[in-house]
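Structure first, then comments.
The numbers here are math on the coordinates, done by the rules we state, and not lab data. If you're wondering where the values come from, they're calculated on a predicted model, not measured in any experiment. When we count neighbours, we look across all protein chains shown, and the Cβ atoms used for this are built from the backbone with ideal geometry, even at glycine.
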Amino acid sequence: MSTIEHGDVGVFVTCDMGKEKKCLNEAIDLFSQAIEGATEQEDEPDTDDEDIEAQIQRELEGLQPNKDKPRQFRPVQLEMPCVTFVRLDPSIEPVQLVHRLCSEAYANPEVKKSRYIQRMHPVTKIQKTLRVDLEAFAKEILKPYFHSGGPPKTYAIRPSVRGNAKLNRDIVIKTVADAVGPEHRVNLKEYDYMILVDVAHNVIGMSVVGGDYDKLKRFNLAEIYNPSPKGGPTTPSTKKPKSEGQ
């Protein structure tokens with residue numbers, strides 16, 4: 001099992017305690033299906049007049065294992081309960097991937113595609129917390145959304161800090177807000193963008209998602225499929241799972 005490295009792109013995925021390995025396997029299956037489905041649509045011929053022999057050859061080539069093809073997804077099991085990480089090939093955009101999966105689940109909640117996955121937080125880039133210049137890192141991630149021209153935007157910041165003594169929520173929120181700049185306003189309910197910041201042990205990941213983050217249950221698949229009675233978000237259970245037969 002690999003570890004999270006500086007510069008990684010991926011998705012933090014939460015689950016109940018003791019289900020981390022099953023969650024990782026499920027996440028990779030789900031991500032693979034989503035990518036394969038998108039690729040098949042793109043590769044579909046524009047005409048029905050494709051030569052039969054050419055069509056058969058194309059299908060056979062698709063079945064051939066490609067040793068030179070890099071793995072698109074790599075599981076990373078962290079040394080903390082309820083949290084895992086899936087490293088993505090840099091060609092895959094994590095925000096688009098997670099948004100697509102949650103949008104599809106929201107549109108068809110009766111078609112459940114996961115059992116163990118709870119929240120999925122996309123990560124545009126990972127850095128090590130020991131050497132990170134948080135404000136510079138934030139400006140790098142935020143530039144396409146806040147510093148590339150256009151009218152002022154509204155935003156909110158959603159930090160998650162686990163197992164790190166250097167950074168806390170207050171430091172993260174203040175530093176990221178300073179990086180956004182005073183020309184953009186904070187709006188916790190009706191925002192144009194939500195800035196996600198995930199700190200886990202010695203790494204920090206960041207991404208910017210759209211205004212439907214709360215509508216999509218904060219990218220919590222379990223909550224999309226089974227909304228809580230009061231509409232509040234579910235949280236990973238830290239209770240030890242019962243042994244079989246109990």
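Neighbour counting of Cβ atoms within 10 Å sorts the residues ILE4, ILE126, fewest neighbours leading, into ILE4, ILE126.
With a cut-off of 14 Å, note down the residues of the range 178-215 whose backbone N falls inside the zone around a label point 7 Å from the Cα of THR3 toward its beta carbon. Hits in the range 178-215 for THR3 at 14 Å: 201-204. Near HIS184: Cβ cut-off under 11 Å, other residues only, Lys/Arg at +1 and Asp/Glu at -1. The net charge is 0. Counting neighbouring beta carbons within 10 Å and listing from fewest to most, the residues ILE35, ILE171 come out as ILE171, ILE35. Between GLU135 and ASN108, the contour length at 0.36 nm per residue exceeds the Cα-Cα span by 5.8 nm.
Which of rounded, prolate, oblate describes the range 110-196, given a ≥ b ≥ c as roots of the alpha-carbon gyration tensor eigenvalues and a/c under 1.5 marking rounded, otherwise prolate only if a/b is larger than b/c? Since a/c reaches 1.5 but b/c is at least a/b, the shape of the range 110-196 is classed as oblate.
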